[in-house]
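Visitor: My questions will all concern the structure given below.
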Amino acid sequence: MPVADTKPSWADQVELGEESELPLPTEKIENGVKTITEWKYNDDNKKVKVIRQYKIEQRKVSKVIAKRKAWRKYGAASNDGAGPNPANTIIAEDSFMQFTGTKEEEDPTVDTKSKELKNVRVTCRTCKGDHWTTKCPYKDSIVPIELENDKKPGQEAAKQEVPPVRTGKYVPPSMRAGAERGKGESMKDSRRDEQATIRVTNLSEDTRESDVQELFRNFGTISRIYLAKDKQTQMSKGFAFITFHRREDAARAIAGVSGFGYDHLILNVEWAKPSTQ
Amino acid sequence: MKPLMLHGHERSVTQIKYNREGDLLFSCSKDTEPNVWWSLNGERLGTFKGHTGACWCIDVKWDTSSVITGSADNTVRVWDCKTGACLHKVDVNTAVRSCGFSYSGNLIMYSTDKTMGKECTINLYDLRDAAQMKNNEPLLTMLVSGSKVTSAIWASMDETIVSGHENGDVCKWDIKTGSIVKTVREHSKNVVDLQMNEDQSMFITASKDNHAKLFDLATLDLLKSYKTERPVNSASISPIKPHVVLGGGQEAMDVTTTSTRHGKFDARLYHMVFEEEFARVKGHFGPINSLAFNPDGKSYSSGGEDGYIRVNTFDPHYFEFEFEF
């Protein structure tokens, strides 16, 4: 497998030539982990140390693939060194496969909104017809009714409803009068997830996700399991989060497994605290 | 899982494909340079320089020696995969929508657009006869009367071609006679992607009518149908499990008017037999245009309208997952 670039790129070399007080990059290989330490100046002209760790893996591949590994890079990649170019290859955020027990959940907020819209009777301000004002066939020929009788009772009532808060300070839409208090609609999903999440602690080092799944599957359908693992050794860190589909299942799991002996350790199960944001 | 994001394209990715061993990933986009990547670590092997228009389709020969691309600059080009050099160039009347190597790698196929007063055709060249490419004399030209071809693949060795059409038709062509063997109409809108399964006995279609459908290759019988609530741009069959992955989303032109959450840009995994969705993977900021399973079945990649390719390696969790029925 091609390993990461060890030679500084030409851009770095130019920089190094100009500012020689930067320590040279070092490279260390230890327990299959390659650590590259580099020094550079950031935008504020401060010296920063960049440590990059790579896991070195050896893989056995068929002969044809091994031969292809020796190919030189070409085209736009011809100037890249060995290993992935960080400009093109980005390691993305962790993403989870969401297993869905049920069919597509309809988004309730969208549905009610569209229903509301359907219920609203559309009346044209120009001719009082059953269509939007902009679509009115008479919009050029008839002066809008609003202009004729300037003060409509509806408008006055609406004006009175708005409290006269005029301090000149910016008030976010969510804090303004008439706005619904609480979180916005985009926050709802994560909230629901947290409600059915439990935290298991005092797990042994050898625990794997499948073991956790085995342990909790009897209590109900699990939507997500997160087992904290050491980045390098892949051993369990001793705690895990389990999200159930239903809160009742989570409650039963707490009651059932709390104090349960597992792998010579007594498990401790409790509700996961909502993550602080 | 920690997906790899490959950012080698400046515009939306149009098609991605693995080679037979799955160590290389080929991608083309609406910019002019198709890319090749090592699928394991996302390192870019190279790019193919030469096209002057959007690249619509890409395919790789079975032995990964050469690559074919079709472009909107009215050319089809065959490249050397090792050096990135252009081996052949065929001038076409219109943009090229789909292209491919036959099973043996000796024949190439491409389909043209029905624009500028030109008829839609499927053309074949024999790579063993260099004069064909040079003099621009195709081995065979099959005129497509009616709806134009939006996707086409080689099927059953070097004998037939399956094409998907703008009106939803799926046709099978015999290259010996140069005519249609069978046509089925199971989709109501254009069929944008066709992919074969591992043993080439079935293929899956992806259509803008929100469905992906599984067909028997020999008889063109409809086997299974996977329903979603947004247009499907690509579908791929797992080589090791009875799973299919579907990708798509809101039309690219409507994306700015919908939020990511409502756009439904996630890739969805369906059980192949029970036609039921069991998992989904988020990631792209726009619709997925192309999907491909790694031939080892342990990862899949998706190329999106957002210009990124995401290589998703499955967690152990996926392999332990048993579909409940």
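The values are calculated or read from the model by the stated rules, or taken from the named source; none is laboratory data. All of these numbers come straight from a predicted model, not from anything done at the bench. Here the Cβ is made from the backbone with ideal geometry for all residues, glycine too, and neighbour counts use every protein chain on show.
Visitor: When you go through B:THR32, B:THR14, B:THR83 one by one, which is the residue that is within 14 Å of another protein chain (Cβ to nearest Cβ) and more than 24 Å from B:ALA131 (Cα to Cα)? Reasoning before the result, please.
Guide: Working: B:THR14 fails: within 14 Å of another protein chain (Cβ to nearest Cβ); B:THR83 fails: more than 24 Å from B:ALA131 (Cα to Cα).
Just a single option satisfies the conditions, and that option is B:THR32.
Visitor: Another question about this same structure. Name every residue in the range A:235-273 that is surrounded by fewer than 12 Cβ atoms within 10 Å (Cβ to Cβ) and not hydrophobic (A, V, I, L, M, F, W, C), in order of residue number. Before you say what the answer is, go through the steps one by one.
Guide: Restricting attention to the range A:235-273, the residues satisfying the condition of being surrounded by fewer than 12 Cβ atoms within 10 Å (Cβ to Cβ) are A:255, A:259, A:261, A:264, A:266, A:270, A:273.
Correct list: A:GLY259, A:GLY261, A:HIS264, A:GLU270, A:LYS273.
Visitor: Right, another one. Those residues that are buried (at least 19 other Cβ atoms within 10 Å of the Cβ) and within 11 Å of chain A (Cβ to nearest Cβ), I need them from the range B:281-297; list them, please. Can you show your working first?
Guide: So the first thing to find is which residues in the range B:281-297 are buried (at least 19 other Cβ atoms within 10 Å of the Cβ), and the list is B:281, B:283-284, B:286-294.
Correct list: B:VAL281, B:GLY283, B:HIS284.
Visitor: Does any residue of the range B:121-130 turn out to be of a type in the set (Phe, Trp, Tyr) and surrounded by fewer than 20 Cβ atoms within 10 Å (Cβ to Cβ)? Reasoning before the result, please.
Guide: Initial filter on the range B:121-130 (of a type in the set (Phe, Trp, Tyr)): B:125.
In the following step, the residues that additionally are surrounded by fewer than 20 Cβ atoms within 10 Å (Cβ to Cβ) were identified as none.
No, every residue in the range B:121-130 fails to be of a type in the set (Phe, Trp, Tyr) and surrounded by fewer than 20 Cβ atoms within 10 Å (Cβ to Cβ).
Visitor: Please work out which residue is nearest to the other protein chains (Cβ to nearest Cβ), limiting yourself to the range A:211-234 and to residues that are part of a helix (DSSP H, G or I) and surrounded by 14 or more Cβ atoms within 10 Å (Cβ to Cβ).
Guide: Filtering the range A:211-234 for residues part of a helix (DSSP H, G or I) gives A:211-219.
Still in the running and surrounded by 14 or more Cβ atoms within 10 Å (Cβ to Cβ): A:211-213, A:215-216, A:219.
On the way: A:ASP211: 11, A:VAL212: 11, A:GLN213: 7, A:LEU215: 14, A:PHE216: 14, A:PHE219: 15 Å.
Of everything passing the filter in the range A:211-234, A:GLN213 is nearest to the other protein chains (Cβ to nearest Cβ).
Visitor: Among the candidates B:ILE122, B:ILE108, which residue alone is aliphatic (A, V, I, L, M), touching an Asp or Glu at 6+ places or on another chain (Cβ under 9 Å) and in a strand (DSSP E or B)?
Guide: Details: B:ILE122 fails: touching an Asp or Glu at 6+ places or on another chain (Cβ under 9 Å).
Result: B:ILE108 is the single residue among B:ILE122, B:ILE108 that is aliphatic (A, V, I, L, M), touching an Asp or Glu at 6+ places or on another chain (Cβ under 9 Å) and in a strand (DSSP E or B).
Visitor: Would you check which residues across the range A:50-65 are surrounded by 10 or more Cβ atoms within 10 Å (Cβ to Cβ) and more than 13 Å from chain B (Cβ to nearest Cβ) and list them?
Guide: Selection gives A:VAL50, A:ARG52, A:GLN53.
Visitor: With respect to B:ILE288, determine if the residue is farther than 18 Å from B:LYS208 by Cα and either over 18 Å from the mean Cα position of the chain (by Cα) or at pLDDT 90 or above (or both). Reasoning before the result, please.
Guide: Details: farther than 18 Å from B:LYS208 by Cα: no; either over 18 Å from the mean Cα position of the chain (by Cα) or at pLDDT 90 or above (or both): yes.
Answer is no for this residue.
Visitor: Any residue that is closer than 24 Å to B:LYS298 by Cβ, at pLDDT 70 or above, out of contact with any Lys or Arg (no Cβ under 6 Å at 6 or more places or on another chain) and not in a helix (DSSP H, G or I) - is there at least one of those in the range A:98-121?
Guide: Within the range A:98-121 (the criterion being closer than 24 Å to B:LYS298 by Cβ, at pLDDT 70 or above, out of contact with any Lys or Arg (no Cβ under 6 Å at 6 or more places or on another chain) and not in a helix (DSSP H, G or I)), the answer is yes, since at least one residue qualifies.
Visitor: Would it be correct to say that B:LEU24 is within 21 Å of A:ALA87 (Cα to Cα), surrounded by fewer than 23 Cβ atoms within 10 Å (Cβ to Cβ), of a type in the set (A, V, I, L, M) and in contact with a strand residue (DSSP E or B) (Cβ under 9 Å, 6 or more places away or on another chain)? First the steps, then the outcome.
Guide: Values: within 21 Å of A:ALA87 (Cα to Cα): yes; surrounded by fewer than 23 Cβ atoms within 10 Å (Cβ to Cβ): yes; of a type in the set (A, V, I, L, M): yes; in contact with a strand residue (DSSP E or B) (Cβ under 9 Å, 6 or more places away or on another chain): yes.
Yes.
Visitor: Also, I was wondering about something else. List, please: which pairs have Cβ atoms under 6 Å, are six or more places apart or on different chains, and start with a residue in the range B:43-58 that is more than 18 Å from B:GLY22 (Cβ to Cβ) and more than 14 Å from every other protein chain (Cβ to nearest Cβ) and end with one that is among the hydrophobic types (A, V, I, L, M, F, W, C) and surrounded by fewer than 24 Cβ atoms within 10 Å (Cβ to Cβ)?
Guide: Between residues of the range B:43-58 that are more than 18 Å from B:GLY22 (Cβ to Cβ) and more than 14 Å from every other protein chain (Cβ to nearest Cβ) and residues that are among the hydrophobic types (A, V, I, L, M, F, W, C) and surrounded by fewer than 24 Cβ atoms within 10 Å (Cβ to Cβ), the close pairs are B:GLY53/B:ALA72; B:ALA54/B:ALA72.
Visitor: Which numbered condition trips up A:ARG181, out of (1) modelled with pLDDT of 60 or more; (2) away from every other protein chain (no Cβ under 14 Å); (3) part of a loop (DSSP other than H, G, I, E, B)?
Guide: (1)
Visitor: Sticking with this structure for a sec: Would you please name the residue that is surrounded by the fewest Cβ atoms within 10 Å (Cβ to Cβ), looking only at residues in the range A:198-210 that are in contact with a strand residue (DSSP E or B) (Cβ under 6 Å, 6 or more places away or on another chain) and free of Cβ contacts under 8 Å to residues at least 40 places away in the same chain?
Guide: Of all residues in the range A:198-210, those in contact with a strand residue (DSSP E or B) (Cβ under 6 Å, 6 or more places away or on another chain) come to A:198-205, A:207, A:209.
From what is left, the residues that are free of Cβ contacts under 8 Å to residues at least 40 places away in the same chain are A:205, A:209.
Numbers: A:GLU205: 12, A:GLU209: 17.
So, considering only residues that are in contact with a strand residue (DSSP E or B) (Cβ under 6 Å, 6 or more places away or on another chain) and free of Cβ contacts under 8 Å to residues at least 40 places away in the same chain, the one surrounded by the fewest Cβ atoms within 10 Å (Cβ to Cβ) is A:GLU205.
Visitor: Additional query: Which pairs do you get when a residue that is within 7 Å of another protein chain (Cβ to nearest Cβ) and in a helix (DSSP H, G or I), found in the range A:66-92, comes within reach of a residue that is among the basic types (Lys, Arg) and surrounded by fewer than 19 Cβ atoms within 10 Å (Cβ to Cβ), reach meaning Cβ atoms under 6 angstrom, with the pair 6+ apart or on two chains?
Guide: Hits for this filter: A:GLY75/B:LYS49.
Visitor: Also: Taking the range B:168-185, which residues are surrounded by 15 or more Cβ atoms within 10 Å (Cβ to Cβ) and not in a strand (DSSP E or B)?
Guide: B:GLY168, B:ILE175
Visitor: Another question about this same structure. Search the range B:238-250 for residues that are crowded, with 24+ Cβ neighbours inside 10 Å and pair each with any residue that is among the charged types (D, E, K, R) when their beta-carbon atoms are under 6 Å apart and the residues are at least 6 apart or on different chains.
Guide: B:LEU246/B:ARG268; B:GLY248/B:ARG230; B:GLY249/B:ARG230; B:GLY249/B:LYS264
Visitor: Any chance the range B:298-320 includes a residue that's within 12 Å of chain A (Cβ to nearest Cβ), free of Cβ contacts under 8 Å to residues at least 60 places away in the same chain and in contact with a Gly (Cβ under 9 Å, 6 or more places away or on another chain)?
Guide: Checking the range B:298-320: not a single residue is within 12 Å of chain A (Cβ to nearest Cβ), free of Cβ contacts under 8 Å to residues at least 60 places away in the same chain and in contact with a Gly (Cβ under 9 Å, 6 or more places away or on another chain).
Visitor: In the range B:138-167, which residues are part of a strand (DSSP E or B) and β-branched (Val, Ile, Thr)? Give the derivation first.
Guide: Step one: filter the range B:138-167 for residues part of a strand (DSSP E or B), giving B:140-143, B:149-155, B:160-165.
Hits for the range B:138-167 are B:THR141, B:VAL149, B:THR150, B:ILE153, B:THR160, B:ILE161, B:VAL162.
Visitor: In the range B:256-268, is there at least one residue being among the acidic types (Asp, Glu) and modelled with pLDDT of 90 or more? Give the derivation first.
Guide: Taking the range B:256-268 as the starting set, the residues that turn out to be among the acidic types (Asp, Glu) are B:266.
Narrowing the set further to residues that are modelled with pLDDT of 90 or more leaves none.
No, because not a single residue in the range B:256-268 is among the acidic types (Asp, Glu) and modelled with pLDDT of 90 or more.
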